[in-house]
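Read the structure below first, then the notes.
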Amino acid sequence: MIHPLPGGVDEARRQILKGAAVVALAGLAGIRFGFAPALAAANDKYPDAAFKVKGADGAIQALYGRVAEKSDKVRMDAPEIAENGAVVPVSVTTSLPDVTSISILVAENPNALAASYRIPAGTMPSVANRLKMAKTGNVIAIVEAGGKLYSASKEVKVTIGGCGG
C-alpha cells in the first residue's frame, strides 16, 4: 500500500508552488540568496600541453616550469595494490600554507598528468580522484605552495590495467 504524503498530494503541491512563488518574487525584488557562479581566475588557462606530455618529469616541467622537492607535509593516500587499474582512489592533502595548486601524476601512464587542480585562496587544500593506471608504477602528488613545489609519491601495484592493458 502506498501511503499518501502528510496533508495529501494537494497540500504538497501547494507548498511547492508557494516556495517557487517566494523565490520568483525575491528574484524580481533583487534579493540574492548567496549563490554565485563558479568562475575561473582570468589568468588560469587549461594546461593542455602538460596533459599531453609523456613522462612525469616532462609533465611537471610543462605544468610548472620547475622541479619539486619531497615534503612530509604533502600527504597522499593511495592503495598499495589496486585490483582494478580503471578505478584507483587517490587523495592528496597538505598542511602547507598558501597552496595554489595540486596535481596528480601517474608515471607509467601513456600521459603522466592525471589531474590538476587550482586551489582558490581560503580553500582547504585537499583533493580526491579515481585514476586510471595502465600498470604498476608511482603515483606522484605535486603541491604548489608559497611559490615553491613540494611532492609525495607512492608505488601502486596494479593487477588489472585500466588503460586498455
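Points to keep in mind about this one:
- Tabulated pairs, region 73-98, first closer than 20 Å to ALA121 by Cα, second among the hydroxyl-bearing types (Ser, Thr, Tyr) and surrounded by 14 or more Cβ atoms within 10 Å (Cβ to Cβ), C-beta under 6 angstrom, 6+ apart or interchain: LYS73/THR94; VAL74/THR94; VAL74/TYR150; ARG75/THR93; THR93/SER126
- If the condition is being basic (Lys, Arg) and surrounded by 15 or more Cβ atoms within 10 Å (Cβ to Cβ), then region 57-88 contributes only ARG75.
For (1) in contact with a Leu (Cβ under 9 Å, 6 or more places away or on another chain); (2) among the acidic types (Asp, Glu); (3) more than 14 Å from PHE51 (Cα to Cα), each residue gets a yes or a no:
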{"site": "SER103", "(1), (2), (3)": "yes, no, no"}
{"site": "ALA107", "(1), (2), (3)": "no, no, no"}
{"site": "ASN111", "(1), (2), (3)": "no, no, no"}
{"site": "ALA114", "(1), (2), (3)": "yes, no, no"}
{"site": "PRO120", "(1), (2), (3)": "no, no, yes"}
{"site": "ALA134", "(1), (2), (3)": "no, no, yes"}
{"site": "GLY137", "(1), (2), (3)": "no, no, yes"}
{"site": "ALA141", "(1), (2), (3)": "yes, no, yes"}
{"site": "ALA145", "(1), (2), (3)": "yes, no, yes"}
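- Scanning region 104-116 for residues that are under 18 Å from the mean Cα position of the chain (by Cα) and within 14 Å of LYS154 (Cα to Cα) gives ILE104, LEU105, VAL106.
- Region 11-24 residues that are on the phi < 0 side of the Ramachandran plot, paired with ones that are surrounded by 11 or more Cβ atoms within 10 Å (Cβ to Cβ) (beta carbon under 6 Å, 6 or more apart): ALA12/LEU5
- Qualifying residue in region 130-146 (condition: of a type outside the set (A, V, I, L, M) and touching a residue at least 60 places away in the same chain (Cβ under 8 Å)): yes
- The criterion of at least 2 residues that are surrounded by 19 or more Cβ atoms within 10 Å (Cβ to Cβ) and of a type in the set (Phe, Trp, Tyr) is met by none of the strands (runs of 3 or more DSSP E) wholly inside region 89-155.
Every read-out reported here was derived from the displayed coordinates using simple, explicitly stated rules and does not represent laboratory data. Source: prediction; values computed, not measured. Methodologically, a virtual Cβ is constructed for each residue, glycine included, from the backbone with ideal geometry; neighbour enumeration extends over all protein chains shown.
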